[in-house]
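Asks: My structure is below; once you've seen it, I'll send some questions.
What follows is calculated from the coordinates using simple rules that are stated; it is not laboratory data. All values reported here derive from a predicted model rather than from experimental measurement. Note: ideal-geometry Cβ built from the backbone for every residue, glycine included; neighbour counts use all protein chains shown.
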Amino acid sequence: MAKDHYIPQFYLRNFEIPGRTGWVYSYCRGMKPLPKAIRSIACEEDYYDSKTVAESLPIDNFDRLLRLTEESTSPVITELLKAPSFSLTEKQFTDLRWFISLMAFRTPLSRESLAVFTREWTDKEFKAFAADKKGFDSLGGGASEDPALRESARQALLNGDLILNLKRGGETEDFLMARQLEQASTFADILAYKKWHLIESDCSRVFMTSDHPVVLLPSPHHTRSMRVGNVDGWFILPLSPKRALLLANDRLGDKVIPIKREKMIEYQWYITTRCHLSIFSHLRSMEFQKTLDQTAEGEILQTIFPNNWLTD
């Protein structure tokens with residue numbers, strides 16, 4: 001079985017522990033941060049392999065697409081780590097836009113979110129069908145079927161007593177993987193209209209990254225009661241402990257934007273609380289661990305950053 005990395009290894013190397021090539025600190029909930037080899041993290045066995053042969057998702061299509069985008073984007077990101085401003089050729093921008101779109105939707109968190117949505121949507125559709133008693137009864141298996149049993153099943157669907165589960169594995173994983181590609185394609189179009197900036201820490205605070213590295217942020221126009229979506233929200237992608245990409249809906253400047261301590265604390269909070277299971281850094285920080293531990297496994301805090309998070 002192949003070990004598929006859902007976070008590219010070349011990207012994680014930008015967060016290596018000083019003096020330990022190929023290693024980063026890995027943070028998981030309820031555990032002490034440990035140095036781990038990059039080759040052993042952010043990966044699953046046969047994660048991108050098609051389980052069935054289907055015209056809509058040929059075997060190895062996803063894996064091949066990821067390799068191509070990584071190969072074309074790696075030198076672009078290396079260039080951005082030292083560039084004085086965000087300035088790319090049309091091809092570089094297209095490659096980077098697709099790379100980020102795939103980074104946003106290739107992760108286990110994306111697949112699990114799609115599975116939850118599919119279950120909820122299916123449950124809603126079945127409840128709507130059960131509400132139509134005549135239509136539901138028309139599916140009866142003939143005069144021998146027990147009407148009372150059929151009505152009991154209908155009521156169970158309506159009341160939520162009968163829960164429909166999505167069987168994972170096989171065709172289900174292929175279906176979800178195809179939806180991940182569809183979402184990435186739509187997201188790439190959205191990113192084309194964002195204003196792209198390079199930002200850089202102007203203090204001792206650093207960027208870390210995670211197993212879901214493209215992080216949705218509320219814009220300055222959002223309030224605590226407002227929902228944040230891909231179109232109206234901003235995004236941050238850490239590139240190294242010092243630099244990150246900020247994708248906004250407003251032009252903030254043409255050169256690298258320095259980020260002060262207060263804003264860096266906020267960005268660190270979003271990066272950590274928007275992860276799935278793990279964050280990765282070049283340094284060991286119990287503050288990172290504390291922030292991660294405030295969320296449960298699989299949970300993402302969708303709240304706006306609390307101003308009183310750190311007062312020191």
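Asks: Provide 43, 275, 203 in ascending order of the number of other Cβ atoms located within 10 Å of each residue's Cβ, fewest first.
Replies: 203, 43, 275
Asks: Taking the beta-carbon count within 10 Å as an exposure proxy, list 209, 273 from fewest neighbours to most.
Replies: If I rank by nearby Cβ atoms, fewest first, I get 273, 209.
Asks: Enter the angle in degrees (range 0 to 90, nearest 10) between the Cα long axis of helix 147-159 and the first principal axis of the Cα atoms of the chain, meaning the one along which they spread out most.
Replies: The answer is roughly 20 degrees.
Asks: Determine the gain in length on full extension of the stretch residue 39-residue 20; use 0.36 nm per residue of separation and subtract their C-alpha separation, reporting nm with one decimal.
Replies: Contour length minus the Cα-Cα distance gives 5.5 nm.
Asks: Ok, one more. What whole-number distance in Å separates the alpha-carbon centres of segment 250-273 and segment 173-211?
Replies: Here the two parts' Cα centres lie 15 Å apart.
Asks: List the aspartates and glutamates whose Cα lies under 14 Å from the Cα of residue 260, skipping any in the same chain that are fewer than 8 positions away.
Replies: Those aspartates and glutamates meeting the cut-off are 200, 202.
Asks: Could you pull out every residue, at least 5 positions away or on a different chain, whose amide H is within less than 5 Å of the one on residue 50? Hs are placed 1.01 Å off N in the peptide plane, and Pro or chain starts have none.
Replies: HN-HN under 5 Å from residue 50: 60.
Asks: If I compute Rg/Rh (Cα atoms, Kirkwood Rh) from the structure I just sent, which labelled value in (1) 1.16; (2) 0.94; (3) 1.04 lines up?
Replies: Correct label is (3).
Asks: Report, to the nearest 10°, how far helix 61-80 tilts away from the longest principal axis of the Cα atoms in the chain, using its own Cα long axis and a range of 0 to 90°.
Replies: The answer is roughly 20 degrees.
Asks: Taking the chain as the reference, fit the longest principal axis to its C-alpha atoms, fit the long axis of helix 261-273 to the helix C-alpha atoms, and give the angle between the two in degrees, 0 to 90, nearest 10.
Replies: So the inclination is approximately 30 degrees.
Asks: Past 28 Å, Cα to Cα: identify those pairs from 51/127; 3/167; 3/36; 36/195, in the order given.
Replies: 51/127; 36/195
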